[in-house]
Structures are given as structure tokens and as C-alpha cells.
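Since the structure comes first, as C-alpha cells, the remarks are kept for the end.
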Amino acid sequence: MPRAIWSGSISFGLVNIPIKLFNAVSRKSVHFNQIDSRTGARIQYRKVSAADGEEVPAEAITKGYQLASGEYVLVGDDELAALDPEASRTVDIEQFVDLEEIDPIYYESAYYVAPDKAARKPYNLLVQALEREGKVAIARFVMRTKQYLAALRPKDGVLVLSTMVYADEVNDPYELPEIDEAGDGEVSERELKMATQLIESLTEPFEPEKFEDTYRNQVLELVERKAAGEEEVVVTPAPAAEEKVVDLMAA
């Protein structure tokens, strides 16, 4: 059974709703360890000094911020701890915005928000009010000594909290010459109409279940076959597709 990763309350105005956060997504990447092929033993890593190659004891390791000059400014854990945001157990809602105002690029990690038993009514009231108005709550909260900007939005009758990146963390696409020059190509009305028709012909309802991580499935199949006793499993790479620029008018 999933365990709550954070507990506290949603707070706005005079309203206080006790809640718990649960991971909304479980990553399913295939993880490998590095192994010494001669002995089958796992590879270990040691922290060594770049100056003399000697192993450095844990008590001698500190954090350093590299300056443009290449020198380091040393910062102690106690100094950083003094700057930690004040521990809080509330998701403080600061404002409400329309859902379409938030570009998905700002979303980071998602969590399901579950109410305590005594808070089910105000929880459902908030969910239904947000659904009816098409609004998202913008809030701040502290988890594991870090302050997060977050969006609270309704989804299928429950609240989802998505942590968000800050505006200065989003790269400006027009700083990239390739993108800055992308708008130079002239597009005729006929070409635009044909592109629209092509998009319409390929438009279908989004069904996430239709899409699978085929690479992960193939890796797991390879592991299972080798675990079953196959010494060598020859995987024939698919022929590389010839790269070509498709003429939209011809298509």
C-alpha cells in the first residue's frame, strides 16, 4: 500500500483542510549496476581527492561553489541549514488562475492529495468549486527543507498537486539561433490549409493506454531470457531509417 510522503493541510482564507500527499507517478525505468565481468562482483566507488588521488574521509568533505575564476567558495552544512525555509505543514494558496493560463512546461512532479476522514466535505467542496470555475490554485509549501511552488488542480474528482519550476528556470527558446530563425520561412495559405487537413486526418482521442515503453519491454525480455539460462541473446539492431525532409505539399 502506498505511503504518504507528506502530511499537512491546505490553507486559504479561513479554510483549513488536513491532507496527505502520495506519489501520482511511479517511474519504471530499468536500472543496471556496474559489474566486474571477471568476478561478477559489483563495482564500488570511492571519493578521492583530485590533488593526490587519496581517498577523502566523510568528515573532511564539504560543499563548494565554483566561481567563474575556477576557485571554490566553501559553504558549510550549518550555514546552509540556517537558510532553510521555515518548516511548515501547510499548502498556502496564494491565488487562483484559469487552467489554460499555465503552460505545461511549468509542471514538474505530480502528487495525489488525499483528505483526512474529518476533512472529506471541505475537500470535496474545493474539488467541485475548482471544477465548476475551471480554476487552478497556485500555492507554496515546504517539503524536506525545500520550498516549492505548486499548482492544485482537480482531476477525476480528486485533487492533484503538481510542483512547478520558476519562471527564471525556463530557458528562452529564442536564445537558440535555430529557433530564432525558424520563423523566417514564408507559408502560403494553400500550404497552411493542406497542413491543417493532414493534422485533422490524424486527430484521435488521446488514450494513454495505447502507448508503451517498447524499449523497456525489450530490455526486460532480454533480462528474463538470460536469467532463464540463455548464454547469449543476439539482438539484431533495426536498420537505421533514412533521414529525409518530407515535403508537406507532396505529402
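The values are calculated or read from the model by the stated rules, or taken from the named source; none is laboratory data. All values reported here derive from a predicted model rather than from experimental measurement. Glycine also receives a Cβ, built like all others from the backbone with ideal geometry; neighbour counts cover every protein chain displayed. The protein model used for the area step is the full one, side chains on, heavy atoms only, and it has no ligands, DNA or RNA in it. Shrake-Rupley method; radii C 1.70, N 1.55, O 1.52, S 1.80 Å.
Side notes on the structure shown:
- For peptides 100-109, 61-70, sequence by mean Cβ density within 10 Å, most packed first: 100-109, 61-70
- Heavy-atom accessible area, probed at 1.4 angstrom with all protein chains present, ranks T196, T163 as T196, T163, highest first.
- Shown are F32, F96, F12, whose ranking by accessible area with a 1.4 Å probe and every protein chain present, most to least, is F32, F96, F12.
- With an a/c value under 1.5 for the gyration tensor axes a ≥ b ≥ c computed over the alpha-carbon atoms, the chain is described as rounded.
- Average accessible area per residue (Å²) across the chain - probe 1.4 Å, nucleic acids and ligands excluded: 83
- Spin-label model distance (nm) - A51 vs I179, 7 Å beyond Cα toward Cβ: 4.3
- Ranking by accessible area, most exposed first, for Y123, Y72 with a 1.4 Å probe: Y72, Y123
- Result for the chain in a Gaussian network model with C-alpha springs under 10 Å: among F22, F141, F206, the largest mean-square fluctuation is at F206.
- Split the accessible area of the chain by element, probe 1.4 Å, and carbon with sulfur accounts for 52%.
- Rounded to the nearest 10 Å², the accessible area of S11 at probe 1.4 Å: 30
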